[in-house]
1. Give the range 200-217 a look and list any residue that's open to solvent by less than 20 Å² (accessible area, probe 1.4 Å) and within 13 Å of the ligand (Cβ to nearest atom), or say none.
2. Need the failing condition index for Ala310 against (1) outside any helix (DSSP H, G or I); (2) in contact with a Leu (Cβ under 7 Å, 6 or more places away or on another chain), just the number.
3. Would you please name the residue that is least open to solvent (accessible area, probe 1.4 Å), looking only at residues in the range 184-199 that are over 24 Å from the mean Cα position of the chain (by Cα) and farther than 18 Å from Asp220 by Cα?
4. Is at least one residue of the range 100-115 open to solvent by 20 Å² or more (accessible area, probe 1.4 Å) and touching a Ser or Thr at 6+ places or on another chain (Cβ under 7 Å)?
5. Quick one: would you say Leu383 is exposed (fewer than 14 other Cβ atoms within 10 Å of the Cβ), in contact (Cβ under 8 Å) with a residue 60 or more places away in the chain and not in a loop (DSSP other than H, G, I, E, B)?
6. Applying the selection to the range 134-169, what residues are within 22 Å of the chain's Cα centre (by Cα), surrounded by fewer than 22 Cβ atoms within 10 Å (Cβ to Cβ), in contact (Cβ under 8 Å) with a residue 60 or more places away in the chain and more than 9 Å from the ligand (Cβ to nearest atom)?
7. Within the range 99-118, can one find any residue that is within 16 Å of the ligand (Cβ to nearest atom), over 20 Å from Asn227 (Cα atoms) and not β-branched (Val, Ile, Thr)?
Amino acid sequence: MKNPDFDVYHLTEEHELLRASVRDLCDDKIAPRAAEIDETGEFPWDVYEALKSAELHATHVPEEYGGVGADALATVIVIEEVARACASSSLIPAVNKLGTVPLLISASEELKQTYLRPLAEGTGMFSYALSEPEAGSDAAAMRSRAVKDGDEWVLNGVKRWITNAGISEYYTVMAVTDPDEGANGISAFVVEKSDPGFTFGAPEKKLGIKGSPTRELYFDDVRLPGNRIIGEPGTGFKTALATLDHTRVTIAAQALGIAQGALDYAVAYAKERKQFGKAIAEFQGLQFMLADMAMQIEAARSLTYRAAAASERSDADLTLISAAAKCYASDIAMAVTTDAVQVLGGYGYTKDYPVERMMRDAKITQIYEGTNQIQRMVIARNLLRR
Ligand code: CAA
């Protein structure tokens, strides 16, 4: 979002060093916890503390707001490496970015200073609240309503599928402020967890990403000071979609990391596991499967890094390329993790091995930040408009 000369085809030494240091941290503190996080379904505060100590919990926050100011590719590398160890944990840097890109794109300087600093300092995480029970893919059909009352806004409504709900201190919430204007009558606000009238639903019981709570948000006459609006009234939906253009890249990174974790495990297993008197890795049928998995991952990585560069430069084709990266990387994550389970056979189908968790975690990447059907629609709309 800042560097017009950003070149993805040459990863800098800093990017490589960053990857190595994140991988060390993950091997040491995150991978050993991944199965337990999945089993208990509890948010991993120890992982949050470890990421925070290494300044990896919200890498995208610019230096002028107290952050480390990592570029979009560096943030992708962090998310990819954390997801390789534990998909739930990778939602810490990913959702902190999702919740705050609306501020970076559209908020007043005052709002940025107020809310990006605590995020960078590690005293409050951010979530992003767009979806509602009746407004999923059709996000503009939302019903949450914010009405102006003097200098304040009064917010009522329900949001659903909100990642890291309850553990985040701050929420970027989209609500209708002018019902006659459709998508151009939606505005974005910052809501604090402590705002009176703001409560949470029970955590959803999910297939995967169990260490990241997903809950409903309830707003019952929540009074917001006038300066909590992000940008001008009526610009909230465009801000929300422009945000997704940047953050679909981070979901691609998460999917890529999950797939890489599954391939690495499958390769190591295939070299150890013996059948018919030799390692199963010596059978061509297995070799072809592993080769296909590696090919898909490398293609997804190239597309994801290319999308990260487009995000960093805010390229004209960002909407198309970020949708393509999210869609492709998540589809291959599902295919690769399914094949990794196959490589492990019966063992792969049990919780004694990590690939079944990876397969369950991969599934969500085809669904959230817009289903892959929506991504294809976005890509087609962009193609046909040219
Ligand atoms: N950036 C900025 N503005 C954009 C835009 C973009 N990428 N795309 C469209 N717009 C503008 C349009 O120009 C239009 O403005 P005008 O009327 O002034 O021209 C306005 O926004 C409305 O656009 P559309 O008419 O195209 O809107 P639509 O109602 O047809 O819907 C959609 C578009 C692509 C389907 C969109 O609703 C969408 O992306 N849906 C999926 C929702 C989604 O991704 N949800 C994810 C929730 S977050 C999540 O999952 C997080 C998590 O848990 C981790």
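The values are calculated or read from the model by the stated rules, or taken from the named source; none is laboratory data. These figures come from a predicted structure and were not determined experimentally. Cβ sites come from the backbone with ideal geometry, for glycine too, and all protein chains shown count toward neighbours. Areas reflect the complete protein model, heavy atoms only, side chains present, ligands, DNA and RNA absent. Shrake-Rupley method; radii C 1.70, N 1.55, O 1.52, S 1.80 Å.
1. Across the range 200-217, the qualifying residues are Gly208, Ile209, Ser212, Thr214, Leu217.
2. (1)
3. Filtering first and then ranking leaves Gly185.
4. Yes; the residues of the range 100-115 include at least one that is open to solvent by 20 Å² or more (accessible area, probe 1.4 Å) and touching a Ser or Thr at 6+ places or on another chain (Cβ under 7 Å).
5. yes
6. Val158, Ile167 - these are the residues of the range 134-169 that are within 22 Å of the chain's Cα centre (by Cα), surrounded by fewer than 22 Cβ atoms within 10 Å (Cβ to Cβ), in contact (Cβ under 8 Å) with a residue 60 or more places away in the chain and more than 9 Å from the ligand (Cβ to nearest atom).
7. For the range 99-118, residues within 16 Å of the ligand (Cβ to nearest atom), over 20 Å from Asn227 (Cα atoms) and not β-branched (Val, Ile, Thr): absent.
Here is a yes/no grid of residues against (1) open to solvent by less than 30 Å² (accessible area, probe 1.4 Å); (2) among the basic types (Lys, Arg); (3) in contact with a Leu (Cβ under 9 Å, 6 or more places away or on another chain); (4) assigned by TED's automatic domain parsing to the domain that holds Ala140:
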position	(1), (2), (3), (4)
Phe219	yes, no, yes, yes
Leu224	yes, no, yes, yes
Arg228	yes, yes, yes, yes
Glu232	no, no, no, yes
Thr243	yes, no, yes, no
Thr247	yes, no, yes, no
Thr250	yes, no, yes, no
Ala255	yes, no, no, no
